[in-house]
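The values are calculated or read from the model by the stated rules, or taken from the named source; none is laboratory data. These numbers come from a predicted model, not from an experiment. Every residue, glycine as well, gets a Cβ built from its backbone with ideal geometry; the counts of neighbours run over all protein chains shown.
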Amino acid sequence: MVTRREFLAAAAFWYVASGFSRTFSGRRLDAAAAMHVGYAAITWGANITQAMDDIAAVGFRAIQLRGEAFAQFGDKPAALREMLERRALTFAVLSSGNLSIDPARERDELATHTRHAEFVRDAGGKYLQVIDERPKGRAVTADDYRRLGRLLTELGKRTAGAGVPLVYHHHMNSTGEKPHEVAAVLDAADKKHVRLLFDVAHYQQGGGDPVAALRKYREWIDVVHLKDVRDKLAVAGGTGATYEFVELGRGRVDMPGVFTALRDIGFDKWAIVELDRVPDAGGTPKQSAEMNKKYLADHGFTM
């Protein structure tokens with residue numbers, strides 16, 4: 001028989017325990033909810049309308065678009081804005097393409113990306129993303145990193161003039177491929193005008209630790225690409241990539257560690273799930289998006 005004292009002691013324990021659980025769970029979900037989570041349309045290629053339909057149907061509330069959006073809606077940004085609003089999608093980022101450090105192309109490149117920033121503004125978007133081009137046929141030099149940093153800063157000033165911040169996306173096969181190269185580019189850039197789009201899978205494939213880098217670059221990062229990568233079996237005699245990007249949780253990136261780091265640094269900006277292409281035969285972009293959403297939901301994220 002349970003005495004009154006034992007009953008009260010047990011009740012007090014479970015009250016405290018349940019309260020701790022609610023507090024811990026709430027803190028976990030609140031930290032996750034602080035991020036704005038979206039999905040990249042790259043998996044759908046040029047089929048932007050289908051990408052918007054599927055991404056909204058899966059339950060994401062923001063989208064990253066690519067150059068196809070400018071090609072199709074460059075002269076009618078209001079139409080794109082209306083299509084996104086009808087689907088309750090925020091236009092988070094436009095992938096504006098590559099930025100070359102070739103002096104002969106500088107004027108045209110700055111003009112092109114500034115024009116894209118004006119399009120983002122008029123379509124109701126938030127950020128302009130650029131990737132750089134790694135020099136062909138020669139080793140990258142210290143001057144290349146410095147020139148890229150200065151060029152990014154100049155472009156960032158111009159996009160800011162259009163009301164749109166610039167984010168630099170370090171990337172495989174770019175000047176900012178390896179961790180020390182990302183650091184060199186950022187060392188040469190002005191943080192006020194150049195923000196970082198940190199891609200966890202590209203950083204891992206480039207030889208870095210994305211969990212540690214999220215903490216290192218916390219003052220730089222405005223956008224995170226949530227992405228995973230796995231080794232790919234090489235085809236005999238082939239020269240293709242030895243890696244491929246996959247849905248979250250199917251690759252080598254420590255995604256739980258990434259989520260912990262994002263919570264630890266109080267990241268409350270944009271997190272975009274990105275998958276270049278469907279990795280498995282017979283799958284669809286929408287099915288991959290559903291897999292990614294489930295993975296996020298299982299780790300405490302709400303859209």
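Considering region 117-150, and only residues there that are among the hydrophobic types (A, V, I, L, M, F, W, C) and assigned to a helix (DSSP H, G or I), the residue that is surrounded by the most Cβ atoms within 10 Å (Cβ to Cβ) turns out to be VAL120.
Only a single item in (1) in a helix (DSSP H, G or I); (2) among the hydroxyl-bearing types (Ser, Thr, Tyr); (3) under 19 Å from ALA271 (Cβ atoms) is not met by THR114, and it is number (3).
The sole residue among THR23, THR49 that is at pLDDT 50 or above, part of a helix (DSSP H, G or I) and over 17 Å from the mean Cα position of the chain (by Cα) is THR49. Just one of the listed residues (ARG66, ARG87, ARG81) is within 23 Å of the chain's Cα centre (by Cα) and more than 18 Å from LEU128 (Cβ to Cβ), and it is ARG87. The set of residues from region 248-282 being touching an Asp or Glu at 6+ places or on another chain (Cβ under 9 Å), among the small types (Gly, Ala, Ser) and under 26 Å from MET52 (Cβ atoms) comprises just one member, GLY249.
The residue of region 181-237 that is surrounded by the fewest Cβ atoms within 10 Å (Cβ to Cβ), among those that are more than 18 Å from the chain's Cα centre (by Cα) and among the β-branched types (Val, Ile, Thr), is VAL235. Taken over region 267-296, the criterion of being of a type in the set (A, V, I, L, M) and at pLDDT 95 or above is satisfied by ALA271, ILE272, VAL273, LEU275, VAL278, ALA289, MET291, LEU296.
Residues that are touching a Gly at 6+ places or on another chain (Cβ under 9 Å) and among the charged types (D, E, K, R) were ranked within region 78-100; the one that is nearest to THR159 (Cα to Cα) is ARG81. Exactly one residue out of THR159, THR153 is touching a helix residue (DSSP H, G or I) at 6+ places or on another chain (Cβ under 6 Å) and not in a strand (DSSP E or B): that is THR159.
For beta carbons closer than 8 Å, sequence separation of 6+ or different chains, a first residue in region 132-153 that is within 21 Å of HIS202 (Cα to Cα) and a second that is of a type in the set (Val, Ile, Thr) and in a helix (DSSP H, G or I), the qualifying pairs are ASP132/VAL185; TYR145/VAL185; LEU148/VAL185; GLY149/VAL185; LEU152/VAL185.
The set of residues in region 101-111 being closer than 17 Å to ARG158 by Cβ, among the hydrophobic types (A, V, I, L, M, F, W, C) and assigned to a helix (DSSP H, G or I) consists of LEU110, ALA111. The residue of region 151-164 that is nearest to VAL185 (Cα to Cα), among those that are hydrophobic (A, V, I, L, M, F, W, C), surrounded by 19 or more Cβ atoms within 10 Å (Cβ to Cβ) and under 21 Å from the mean Cα position of the chain (by Cα), is LEU152. Is at least one residue of region 53-72 more than 30 Å from ALA281 (Cα to Cα) and either at pLDDT below 95 or not in a helix (DSSP H, G or I) (or both)? No, region 53-72 contains no residue that is more than 30 Å from ALA281 (Cα to Cα) and either at pLDDT below 95 or not in a helix (DSSP H, G or I) (or both).
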